Every structure is written in structure tokens, then in C-alpha cells.
């Protein structure tokens, strides 16, 4: 199952700009609320140090890119319509917005840090709105959406069949929430963390149900906070205030800056690798004085000040820190590190830390190979690996099967 990242935020916060900057898509960008109505999809990349440098190899990736030892691994993004207060009741484009998010594994909250937009995305006096309020109301809406799906109209009838928390309840609740990519592990962990393991579900109060919904959402669809528009002067001060109130990690970002750099890079005017703290101008003659001045400001005020535009920091934090993904490279030849077509280190897959070898084979390679699995081989050490071997980051694996 491929990872899907949902891009969320109130209208005009910069979600579509973030998508375009990440994926070089060309969806409409505007400061007018609800410019995005239908969800926009894109494929971005997340950076990881490639094993080619470690092995002193020149690779030719097939499902990803490798530039100067940096492997750029594809990830799927979904930019949905802006969220406003009471979206879980259908206000704005709420119902559509929330349903679009059902398959996402993690959510990226793009926050307009300038303080110049109210909660509905309409322009107001600069600095008059506290961006911290957007964090509170948006998470509340997502949590209430979960609660609405869990309880539906028949919660009392649903829970009457269960006198206590048991496997049947967990299975039935899992079926009810199957459209949200929620697993039995998520359900059980949320029960434990909300201290509801021993309480009869039919006796849960409305507060119990909300607390459970909130914790289940935090486990199954965590939210990464992104302080967007950090290129604006008002955003710097607002970011400091948010950090004082908010204990969660928040990543400074300028999606517009990344979009500008990616556009110049696509035209071969500059050399820029997403996530880098600098760039090189290749064709200064193609730039007018104003453009050169803009690039100088980008280098000094954004790249040097924050170590990059922030977009790759967002992806790395979301994928490797929060979702705890690791990189695994399957090969056919353990001496040349190639596939059957002599491609060197052809593919890399993102998988959950702790994944066993047999599950990796079944989920990422082919179920037939899993059914006829004999053993694996660590291409670096040449050691034989059993089906219960727990994969590690940057493992290179050969699969031996009876088929």
C-alpha cells in the first residue's frame, strides 16, 4: 500500500502552492477562498541518503532518482478543499473535504503564519488573526469528523451487542472504520491510551467517545504542523508566538520560495536540488535585475536563515520520524547489486520500521514470491535471512523462492 499524504488547512493558507512546489504540478493558486474545490493529486519526493555512496557504485534507479548520492523517493500528495469551522457538520466544503482525506496516512497542516486571514480564509488586517487558533480549530474539526464516523446514528444499538471490550468489538469497530485505513492495532492502542479498555462500550459518555476519537485520530492520522509564508516579515514574529503556546514540532516553510526555485531549475536557469540550503545560477543572462535581486533575497533570508525552504524538512519529518519509515533495496544479484536487467540498485521502497522480511515480500514485491519464499540474503553481508528477519534502514535484500 502506497503512502498518501493529505495537505490540509483553511482556505488561502497556501496548500495548492505547497503541492505545486513539491510536485511541479500546475493547479490554480489564488488568495481567494475555495479556489481548490476538487482534490488535486501530485507525486513529490522525499530525500534519503542513497546506499550507492556507501558501496562506491554508480546506480541507475528505476522507481526513484539518485542525484549526487541523494535518493529521491516518490510519495503521493493530495491537496483538498480548505477547511472552515464546523466542517464536520458540512459547512463550507466540509463533507467533501473530510471524505477526500479518508485514505491519507498522515496530514500536513499548512498554516498561514502571516495572521492576515481569518478562519474562513478571507483577508483581514495584517496581524489581526492569531494563527495558533487555526491549529486548534482544525484539529478539533478532524477529531469531530472521526467521532461522527464512529458513532453514526446507531452507536447505542451498535454497542449493545458488546458487554465489554473484546475481540468481537475491536473487529466490528474496525469494519466500521475500514474506510479510514484504521487497523486493529490503532483501535487497541487508542483504547489503552484513552483508559477505556475495561469500560463497557455501551456505558461510554459523550466525552469518552470524543476522547477516544481524538486519540484514535492522533494515532492513525497524525498531523504535521507547517508554518507557511515564512518569507513574510509578520510570519517570523507569529511563529515565535505559536512556539510559545504549542508544544508540538512546527516546521517553518516558504512554499512560494520552493515553487520559484523549482521553476527556475526546470528551465535550467539554476541548479537546485529540493531540500538543499543553496543553489547555483547557471544562466544569469536569462535573469533581469529584479529576478537576480529576488534570488539573492531567497538565498539570504530563507535558505541561509532556515537551512532550506522547509518542504523537504516537512517530508522527512512526516515520513521518517512520525510514520517511522525505512528504505529497503531489493536486488537479484548480491555481488553486482543489480536486478535481472543489470540495473544497479534499481528500486527502493519505503516500509514501516519493524517490518518482517516475509511481509515486505508480500506487500511490496509479489504475493507469489511470499507464497514460495525460501529465504532472503543480505547483499552487504551475504548472510541468509529467515522470513521473520526484521528489516533495517538501507538493507539490500535478495529474495530466494521456489518459483
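Only helices (runs of 4 or more DSSP H) wholly contained in segment 204-269 count here; list those with 1 or more residues that are within 12 Å of residue 310 (Cα to Cα).
Working: elements: 206-220, 233-245, 255-266.
Answer list for segment 204-269: 255-266.
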In segment 151-165, what residues are exposed (fewer than 12 other Cβ atoms within 10 Å of the Cβ) and either within 32 Å of the chain's Cα centre (by Cα) or under 24 Å from residue 6 (Cβ atoms) (or both)?
152, 153
Using the structure shown, decide if residue 83 is touching a strand residue (DSSP E or B) at 6+ places or on another chain (Cβ under 7 Å) and modelled with pLDDT under 85.
yes
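Here is a yes/no grid of residues against (1) closer than 16 Å to residue 61 by Cβ; (2) surrounded by fewer than 21 Cβ atoms within 10 Å (Cβ to Cβ); (3) in contact with a helix residue (DSSP H, G or I) (Cβ under 8 Å, 6 or more places away or on another chain):
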residue	(1), (2), (3)
292	no, yes, yes
296	no, yes, no
299	no, yes, no
309	no, no, yes
334	no, yes, no
342	yes, yes, no
370	no, yes, yes
Single residue of 194, 213 found to be in contact with a helix residue (DSSP H, G or I) (Cβ under 7 Å, 6 or more places away or on another chain), under 20 Å from residue 102 (Cα atoms), modelled with pLDDT of 95 or more and crowded, with 19+ Cβ neighbours inside 10 Å:
213
All but one of (1) in a helix (DSSP H, G or I); (2) modelled with pLDDT of 75 or more; (3) surrounded by 23 or more Cβ atoms within 10 Å (Cβ to Cβ) hold for residue 7, so report the exception by its number.
(1)
Tally time: how many residues in segment 86-127 are assigned to a helix (DSSP H, G or I) and modelled with pLDDT of 70 or more?
2
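Within segment 183-203, which residues are assigned to a loop (DSSP other than H, G, I, E, B) and over 23 Å from the mean Cα position of the chain (by Cα)? Outline the logic, then answer.
Start the filter on segment 183-203 by keeping residues that are assigned to a loop (DSSP other than H, G, I, E, B), which leaves 183, 194-200.
Passing the criteria: 194, 195, 196, 197, 198, 199, 200.
The values are calculated or read from the model by the stated rules, or taken from the named source; none is laboratory data. None of the values given here were measured: they were computed from a predicted structure. Note: ideal-geometry Cβ built from the backbone for every residue, glycine included; neighbour counts use all protein chains shown.
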